[in-house]
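Scroll down for the structure; my scribbles are underneath it.
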Amino acid sequence: MTGQLKELIRKEMLIVLRDRQTIMLLFLMPVALIFFLSLAMEGVWTDKLTGRKIQLVVKNESASFKAKLLEQKIKADPAIQALDRPDQDNDLILADGKTQLVVTIPEGFETGNHPVELYFEPAIDAGYKIAARSLITSLAVEVVMDIDNLEAVMQALIVEKTKPNRELPTPLQQTVPAYAIFAMFFISIPLSIGFLKEKNDGTLQRLFTYPVSTHLITLGKIIPYYIINILQFILMLLVGVFIMQHFISHAFYLGEHPWQMIPVTLAVAAATTGFGVMIAAVGRTQEQASTLAAVSAVLMAVFGGIMVPHAVLPAVLKKAAVISPMYWAHQAYLDIFLRAAPFSGVAPKLIVLTIFAVICFYIAGRRVKWI
Amino acid sequence: MNALDISAVTYSYGNKAANALNNFSMSVAPGSMHALVGPNGAGKSTLMRVITGQFRSYAGRVTIYGRTMPDRDTLLSIGYAPQPISVYTGLTAMENLLFFGAMAGMPKTRAASRAQEVLEQTGLADHARQLVSTYSGGMQRRLNLAVALLHSPLLLLLDEPTVGIDPQSRYHIYETLTALNAAGMTVLLSTHIMEEAQRLCRAVTLADKGTVIYDGPMSEIDNLERFFLEKTGRGLRDD
């Protein structure tokens, strides 16, 4: 019996791993997605996480001491990158895209009657606009009220306690688990196609003419794909940790409890294999099964915070995300990589994934027609 | 004791009103080569699947060398080559044979030596390490037969073993079957090809619409095709 199971697993693994399309779908596609989308997201993340420098042009129309001091403070601020002012009208400077902000210190600024003027490019990001206004306001207050360092004064009033990067993952923290999960759910395509192909060409029926139990044949179908799922995650992790660091500024951080990846990956692989078995059982043709699998996986990814980080989804989609098993899988990994959650924090997500797997296997068991 | 006894077997596919097999009875003597002939819808493939234990919810009785089916151990007395070429095209011929050998519970070394023998028997020894997806139709059909022979069954069930292949492969299969039968293997051959059945088999069962309409020695039939048309009619059977 063990020998038969071993051969069933070996046969399935050989067939799957020899198929170039399957290799591309299960291994190359997620690696490519991780590579390109991490790079694409890096620019956005740089803004959000490290605070890209505010690029602006300063136009000082006053020769007063305070105006010069404000100009100096603006240009010296570490959050600001002051650009040389082109010999152009403000509107033209903004229209040319050289900067998104022109700061004009008018004549008579020191009297308090002529405020500093901020010319924003109309399509500027709202968060960037608020940050720039807040910074220029602080510097103007320092100059006008003769405060040397307003931020030091404010630290007595406001203390920031937020732990860094606990809500928004870095590009790699987002993409590595996200596209590993995405690809793991795509296992349903080769699994269902393989099952239906065996039904159509009679090899499955032929197996039943040997003294092999249905349970063994079932295990012989499930175990190989479960193993492949785990291999997929390991490969994505290796790409994230060892390869992507050469292409991206934020290295992949595994968190404080990386061992938790083991139970999480086992639970995710159970959910993805269960989903694949269910698709194989309900699909009537190979075309129907592959379409159903692909469409379901993409929809689960859209809702589950795979395509766009859950943290930045609108409120309605954030609530809808709970219907996607990919959401629970991704959040479980983010608990490890991002939030340093204890196992008790990860466990509820594992329970949801396990329930999803059990439901899928149950439906498959009820619907499957071996012959 | 007959190699195969089928007694009053009735089987119905759940979604169809008529029975696929209706009170079907026939016997195959040990050491014989027996033809099972009938038009489309006669129930030949259904009968094969009943004998091999794929369909179990039937009425009646099937015995193989005196043992009532379905029975796990008795399955090993049967070698079955289904009508569709039921081998894994993503594996080599040798890998297919070793896999099915394991399914038959054969030790690895025994399966390997038998695999070599059946590959030689079916003219595939030179292509043993080639992926089956690169095989021609005739080669795949011969591998389909090789798999059925691997575990040295007493009773060989062949469902249209020569359909869709070139004359050379067909001739090779005929030669192989004749040699196996001469060596004592019992063969039940389901076929559409009358000339094939008449040339190879000593007994014939003619079936139509799930029932037996003739069961007897081939020697009593002068021209099987004419006999077949007389018994089953000349109307088309497209359903």
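Taking chain B as the reference, fit the longest principal axis to its C-alpha atoms, fit the long axis of helix B:108-121 to the helix C-alpha atoms, and give the angle between the two in degrees, 0 to 90, nearest 10. It works out to around 70 degrees.
Could you calculate the FRET efficiency of B:Arg72 with B:Ala18 from 1/(1 + (r/R0)^6), where r is the beta carbon distance between them and R0 is 35 Å, rounded to 0.05? For B:Arg72 and B:Ala18, the calculated efficiency is 0.65. Over the C-alpha trace of the range B:1-111, radius of gyration and Dmax come out as 15.8, 49 angstrom. Could you sort out which of A:Lys197/A:Lys221; A:Lys369/B:Lys108; A:Lys369/B:Lys44; A:Lys318/A:Lys349 sit more than 24 Å apart by Cα distance in this structure? Checking Cα-Cα distances, A:Lys369/B:Lys108 exceed 24 Å. The modelled label-to-label distance between B:Ala29 and A:Leu28, using points 7 Å beyond Cα along the C-beta direction, is 6.1 nm.
Restricting to bridges with both residues inside the range B:4-232, how much of the DSSP beta-bridge set is antiparallel, in percent to the nearest 5? Before the final figure, lay out the partial values.
Working: 19 of 37 bridges.
Counting only bridges with both partners in the range B:4-232, antiparallel ones make up about 50 percent.
Ligands, DNA and RNA excluded, the heavy atoms of A:Leu14 present near 40 Å² of accessible surface to a 1.4 Å solvent probe.
Remark: mean inter-chain Cβ contacts per residue of A:7-17 equal 4, using a 10 Å Cβ-Cβ cutoff to other protein chain atoms.
Per residue, chain A reaches -19500 deg cm²/dmol at 222 nm when only DSSP H runs of four or more residues are counted, each adding -39500 (n - 2.57).
Coordinate range of the alpha-carbon atoms in chain B per principal axis, descending: 47, 37, 36 Å.
Quarter the surface of the alpha carbon convex hull of the range A:53-154 and you get the mean projected area, 6.5 square nanometres.
Taking each pair of different alpha-carbon atoms in the range A:229-298 once, compute 1/r for the pair, average those values, and report the inverse of that mean as the Kirkwood hydrodynamic radius in Å to one decimal. If you can, show how the numbers build up before the last one.
On the way: mean 1/r = 0.0694 Å⁻¹.
That comes to 14.4 Å for the range A:229-298.
Using the Cβ-Cβ distance between A:Ile243 and A:Val144 with R0 set to 51 Å, the FRET efficiency from 1/(1 + (r/R0)^6) comes to roughly 0.45.
Going 7 Å from the Cα of B:Gln168 toward and past its Cβ, which residues in the range B:109-124 have a backbone nitrogen under 16 Å from where you end up? The answer is B:122-124. Pop the C-beta distance of A:Arg366 and B:Arg110 into the FRET formula with R0 = 56 Å and round what comes out to the nearest 0.05. According to the calculation, E is roughly 0.90. The trypsin sites (Lys or Arg not before Pro) of the range B:105-182 that DSSP puts in a loop, and whose beta carbon has at most 16 other beta carbons within 10 Å, are B:Arg129.
If you take the Cα atoms of the protein assembly as shown, find Rg, then find the Kirkwood Rh from the mean of 1/r over all pairs, what is Rg/Rh? Before the final figure, lay out the partial values.
Working: Rg = 36.7 Å, Rh = 29.8 Å.
Ratio of gyration radius to Kirkwood radius: 1.23.
Considering only Cα atoms, the convex hull volume of the range A:284-371 works out to 115 Å³ per residue. The fraction of Cα-Cα pairs per 10 angstrom bin, counted from 0 for the range A:217-371, comes to 10, 34, 36, 16, 3, 0 percent, rounded to whole percents.
GNM, chain B, Cα, under 10 Å: largest mean-square fluctuation among B:Ala125, B:Ala207, B:Ala197? Judging by the Gaussian network model, the answer is B:Ala125. Under the simplified labelling scheme, the B:Arg199-A:Lys318 pair shows an inter-label distance of 7.9 nm, with each label point 7 Å from Cα along Cα→Cβ.
Mean separation of Cα pairs under 8 Å and 6 or more residues apart, divided by the residue count, gives chain A a relative contact order of 20 percent.
The mean number of partner chain beta-carbon atoms within 10 angstrom of a residue's beta-carbon across peptide A:209-217 is 6. Shape class for the range A:97-254, computed from the alpha carbon gyration tensor (a ≥ b ≥ c): prolate, with a/c not under 1.5 and a/b above b/c. Summarising the strand pairing of the protein assembly as shown, around 45 percent of its internal DSSP beta bridges are antiparallel. With a simple spin-label model that places each label point 7 Å from the Cα along the Cα-to-Cβ direction, the separation between B:Asp126 and B:His192 comes to 3.1 nm.
The values are calculated or read from the model by the stated rules, or taken from the named source; none is laboratory data. Please read these numbers as outputs of a predicted model, since none were measured by experiment. Reconstructed Cβ throughout: ideal geometry from the backbone, glycine too, with neighbour counts over all protein chains shown. In case anyone asks, the SASA skips ligands and DNA or RNA and just uses the protein heavy atoms, side chains included. Shrake-Rupley method; radii C 1.70, N 1.55, O 1.52, S 1.80 Å.
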